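The values are calculated or read from the model by the stated rules, or taken from the named source; none is laboratory data. Only a predicted model underlies this, so the values are computations on that prediction, with no experimental measurement involved. Positions of Cβ are generated from backbone atoms using ideal geometry, with glycine treated the same way; all protein chains shown enter the neighbour counts. Accessible surface areas use protein heavy atoms only, side chains included; no ligands, DNA or RNA. Shrake-Rupley method; radii C 1.70, N 1.55, O 1.52, S 1.80 Å.
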Amino acid sequence: MARQYCRDRSWEVLVVDNNCTDDTQLVVERHKNAKRIGQLSVVRERQQGLTPARQRGVRETAGEWLALVDDDCLLDESWLANAIAFADAHPRCGAFGGVVRPYWENGAEPLPKAVGWTLACQDHGLEACRIWGLVGAGIVLRRAALDQTGWIETPFLADRIGRRLVSGGDTEISLRISACGWDLWYTPDCVIDHIIPAFRTTPSYLKRLAFGLGISQVLVDALVCERGFASCVGQYVRSALRQTLHAAHAVILDRISGRDRRPSFINLYFALGIWAGIGRLACNRSLVGAISRSSRQVSTSNL
C-alpha cells in the first residue's frame, strides 16, 4: 500500500486487527512514523471472522469507495490509481475487481492448472467486462451500493472464521449489489498478487479447502434461488450425486493410468462438500431466496 503512487486524490488505509497474534500493531506504527501513507490507522475487532472484520472496516471509514484488501495480497504499484480511474469512468458500477494471480511462496508453480479454481484467482482476460460475481481479494465497492443492500446490518453468510474454510461472503456482497440494480465489473488494469504459502498446496489442505468450497457453493446458490426449499434441495442433490459419481470415476481412472490424482480428488471433496452444504441448508432454510427477498424490500422502501 505504501508503494502506491496515486497523488491527485485523498485516500486512507484502515488496518482491521482481528485478534492478530503477530506484530501487526508494530508494523502499523512503523509505517505511520515513516509517513509514506497519508492517512493510516488501525482498529481492533474482537469478534473473530472475516465478515465482522470487514463490517468494522466499513463502519470506521467514510469514503465514497471502499477497497477490501486481504492480508495475503500484494498490490501492483498502479493499482490504486487505476482503480480510481475505473471508478470515475463507470457511474453505474456498484463493485469491481481486477486480476488476482497466484504468487507461489516457493517460486515455481507447484499445482496443475486444474486446481487453480480453489485459490480465489481471478482473470477474465485483457478487456474490461461485466461479470456476475467477484472474489473478495481487492474487491472495490461503492459505499452507496453497499449501503443499499443492507449487508452491513444483516449479512447472510458468516464467511471464514479462524481456520474454518467455509467462505462465500465476498460472493454474497457482489450478488446483493447486483440484485439492487448495480453493475459488477472486471478490469485488467488492477493487478494483485495473491500469496500462496507452501502449506496451502498440500493435498490435505486442498481437500479441506475444496470441501469448504462445496459447502459455500450450496449456500451462495441458495441465496439467489427463486424456487422453494424442496425444489432447490432437489437440484443440489442431483448436482451432488452427478459430481460425486463423475469425480469418483476420475479418481479410479487416474489411479489406473498413473496420472496426477490431485485434481480428481479435489473435485471429489468438492462434491462431498456439496452434500454437507445441503445438510447445513436444511438447518437454515431462511437462506433460500434471501437475496431476492432483501432486494424486493429495498425496492419497496425506495418507492
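Counting only residues that are of a type in the set (Lys, Arg) and at pLDDT below 90, which one in segment 1-27 is most open to solvent (accessible area, probe 1.4 Å)?
First, the residues of segment 1-27 that are of a type in the set (Lys, Arg): 3, 7, 9.
Next, from what is left, pick out any that are at pLDDT below 90: 7, 9.
Numbers: 7: 188, 9: 108 Å².
It comes out as 7.
For segment 218-227, filtered to residues that are among the β-branched types (Val, Ile, Thr) and in a helix (DSSP H, G or I), the residue that is nearest to residue 294 (Cα to Cα) is 220. When segment 246-297 is filtered for residues that are under 22 Å from residue 229 (Cα atoms), open to solvent by less than 40 Å² (accessible area, probe 1.4 Å) and at pLDDT below 90, the ones remaining, listed by number, are 292, 294, 295. The set of residues in segment 178-217 that are in contact with a Leu (Cβ under 7 Å, 6 or more places away or on another chain) and part of a helix (DSSP H, G or I) comprises 178, 201, 208, 209, 211, 212, 214. Residue 98 - would you say it is small (Gly, Ala, Ser), in a loop (DSSP other than H, G, I, E, B) and touching a strand residue (DSSP E or B) at 6+ places or on another chain (Cβ under 8 Å)? So residue 98 does not fit the description; no. Of all the listed residues (54, 46, 30), the sole one being farther than 30 Å from residue 261 by Cβ, open to solvent by 30 Å² or more (accessible area, probe 1.4 Å) and assigned to a helix (DSSP H, G or I) is 30. Among the residues of segment 6-13, some residue qualifies, meaning at least one is under 25 Å from residue 155 (Cβ atoms) and assigned to a strand (DSSP E or B).
Residue 154 meets the conditions (1) over 14 Å from the mean Cα position of the chain (by Cα); (2) outside any loop (DSSP other than H, G, I, E, B); (3) of a type in the set (S, T, N, Q) in every case but one. The failed one is (2). Every listed requirement among (1) over 15 Å from residue 184 (Cβ atoms); (2) in a loop (DSSP other than H, G, I, E, B); (3) aromatic (Phe, Trp, Tyr) is met by residue 117 save one, (2).
Restricting attention to segment 137-151, does a residue exist that is open to solvent by 50 Å² or more (accessible area, probe 1.4 Å), part of a loop (DSSP other than H, G, I, E, B) and within 28 Å of residue 217 (Cβ to Cβ)?
No - not one qualifying residue is present in segment 137-151.
Within segment 105-118, the set of residues being surrounded by fewer than 17 Cβ atoms within 10 Å (Cβ to Cβ) and over 14 Å from the mean Cα position of the chain (by Cα) comprises 105, 106, 107, 108, 109, 110, 112, 113, 114, 116. Scanning segment 182-218 for residues that are aliphatic (A, V, I, L, M) and surrounded by fewer than 20 Cβ atoms within 10 Å (Cβ to Cβ) turns up 191, 195, 198.
Close Cβ contacts (under 7 Å, 6 or more residues apart or on different chains) running from residues in segment 7-34 that are in contact (Cβ under 8 Å) with a residue 24 or more places away in the chain to residues that are open to solvent by 100 Å² or more (accessible area, probe 1.4 Å) comprise 17/44; 19/46. Based on this model, can you work out whether residue 166 counts as assigned to a loop (DSSP other than H, G, I, E, B) and not small (Gly, Ala, Ser)? Yes: the conditions hold for residue 166.
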